[in-house]
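Notes follow the structure.
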Amino acid sequence: MTKKRMILTIFVLISLSLKCSESTENGAVKQQFSTDGRDVLIYTTAENTDLRLTLTEKNEFQPVGQLTESEVFVFVNPNKTFQTFLGIGGAITDASAEVFAKLPAEKQDELLKAYFDKTEGIGYTLARTSIHSCDFSSASFTYVSDEDKELNTFSINHDKQFRIPFIKKAIEAAGGDLLIFASPWSPPAFMKDNKNMLQGGKLLPEYYQSWALYYTKFIKAYEKEGIPIWGITIQNEPMAIQRWESCLYSATEERDYLKNHLGPVMKQEGLGDKKIIVWDHNRDFISHRANTIFDDPEASKYAWGIGFHWYEVWAGGQPMYDNLSNVAESYPDKKILFTEGCADSFDPQKYQYWPHAERYGESMINDFNRGTVGWTDWNILLDERGGPNHVSNFCFAPVHADTQEGELIYTPSYYYIGHFSKFIQPDAKRMSTVSSRSHLLCTSFMNVDGEMATIVMNHTDEKISYKLCIGLSAVTTVILPHAIQTFVY
């Protein structure tokens, strides 16, 4: 956001929402915000209740008075703002598109509205898709014939059956504007040293240029279909040998491929404005990948930013949130984007399993508070088996379809994501937000129209009374056990 736009945003905020006074400290004039009498809407989702993104309270700010240590506070400071928000969304995979096509027309409309409508749904503004197949496709496929190094047979006809129609409907449901980025899981088998799209392997040097051109052909083909592509990631999970589509790049290999091949080819093909995202893997090694690529000026000039997933915890560790802070502090000119995350292996008895939702809430709050600009869930829709998936790697989605009954099943994760995506708009600025007690997680954003949203999450077994405090004013409320709230003011 430009300096002029930032000044305008603060002006609108003060004009629409706040009354302010001034005080002098060491000769400096500072804003002291007071929101006395201003309305606050509170939306709640809570375990063991019927509350699902429900407007539960209309409150108002009151003078805060003297703070006491016995009270719990969430402090928001609109004077201190940080990264600009890009969006929240999910992946439109072949699996999601195939399941969508099996739904009755009225259920298709319901799903589109639930995800992409800004009023009746949760207002997704971001989407990811794959460059040819991934594990969440019914089978492996590419866009070229075998051994076609010149890419003369390139065609996206496969995607025209399910995926492209679904994406077009999603764009329409989102009001005509949906930021879409694409990721490859593997080059075609003939381009790799193991001659297999699955089980890792590496891109052979003699195909570096062909594979770089492949991305550009994908972008141009999709845009010819009326689907704008905002950006690409270089490789999904480049350190993982998977039993599904996968390909390995060391940090230096990814750096040199970007610097010497992908970046220049994108520019030569007139696509230099498309965003290129490196890494696209877990938080654990993100700093090493950033250091290697961003410290090289020639490689760095092609990289918009770095993407990450949350699966480091599957190795038995803890979420490495602070690694994001390290990247944000080390490379403030680069963006950090969450590109994929999903709950664990599918179990139909766990559709309403609350810890899945809390994992979303915890990750989103911590990721945003450490500089992340956008957040992309994995499959937006899967069937009653957690698929389809051609290697039986079934998992959860926020919404599932019972394709036998033609019904949609909304999990708590859908609502937890909605507490962010419904109320934070693209180009919002994150504001300074902290809790006085560790059992409340919180983050806040200021939209460009001056409206603010604060998200507070309680993952304990206790009901907690607390105050949301801005300057000299506060709102007093209660959050239920295992609940999430969004304040809109």
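The values are calculated or read from the model by the stated rules, or taken from the named source; none is laboratory data. Note that the coordinates shown come from a computational prediction; the quantities given were computed from them, not determined experimentally. Neighbour counts run over all protein chains shown; Cβ positions are idealised from the backbone, glycine included.
Here are the numbers for this structure:
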| quantity | calculated |
| --- | --- |
| So W354, is it surrounded by 15 or more Cβ atoms within 10 Å (Cβ to Cβ), touching a Cys at 6+ places or on another chain (Cβ under 9 Å) and either assigned by TED's automatic domain parsing to the domain that holds F181 or farther than 25 Å from F181 by Cα (or both) | no |
| Filter pass, A453 being in a strand (DSSP E or B), more than 15 Å from F73 (Cβ to Cβ) and among the aliphatic types (A, V, I, L, M) | yes |
| Filtered residue count, the range 411-450, keeping only those that are part of a helix (DSSP H, G or I) and either of a type outside the set (A, V, I, L, M) or over 22 Å from the mean Cα position of the chain (by Cα) (or both) | 9 |
| Single unsatisfied condition, W211 versus (1) buried (at least 21 other Cβ atoms within 10 Å of the Cβ); (2) under 22 Å from I276 (Cα atoms); (3) touching a residue at least 60 places away in the same chain (Cβ under 8 Å) | (3) |
| Pairs with Cβ under 6 Å, 6+ apart, first in the range 118-136 and at negative phi, second surrounded by fewer than 24 Cβ atoms within 10 Å (Cβ to Cβ) and basic (K, R) | E120/K113; G121/K113; I122/K422 |
| Qualifying residue in the range 82-95 (condition: hydroxyl-bearing (S, T, Y), closer than 19 Å to I380 by Cβ and assigned to a loop (DSSP other than H, G, I, E, B)) | yes |
| The listed residue being among the aromatic types (F, W, Y), assigned by TED's automatic domain parsing to the domain that holds A221 and not in a loop (DSSP other than H, G, I, E, B), out of Y115, Y143, Y124 | Y115 |
| All positions within the range 150-180 that are assigned to a loop (DSSP other than H, G, I, E, B), small (G, A, S) and surrounded by 19 or more Cβ atoms within 10 Å (Cβ to Cβ) | A174 |
| Those residues of the range 90-149 which are surrounded by 24 or more Cβ atoms within 10 Å (Cβ to Cβ) and of a type in the set (F, W, Y), in sequence order | Y115, F116, Y124, F136 |
| First in the range 427-440 and outside the structural domain of A483 (by TED's automatic domain parsing) and more than 13 Å from V76 (Cα to Cα), second anywhere and surrounded by fewer than 16 Cβ atoms within 10 Å (Cβ to Cβ) and among the acidic types (D, E), Cβ under 9 Å, 6 or more apart | none |
| Options G316, G371, G341: the member that is in the same structural domain as D94 (by TED's automatic domain parsing), of a type outside the set (D, E, K, R), without any contact (Cβ under 8 Å) to a residue 40 or more places away in the chain and crowded, with 18+ Cβ neighbours inside 10 Å | G341 |
| Residue check, P264 closer than 23 Å to W375 by Cβ and surrounded by fewer than 21 Cβ atoms within 10 Å (Cβ to Cβ) | no |
| Qualifying residue in the range 192-208 (condition: buried (at least 18 other Cβ atoms within 10 Å of the Cβ), out of contact with any Cys (no Cβ under 9 Å at 6 or more places or on another chain) and small (G, A, S)) | no |
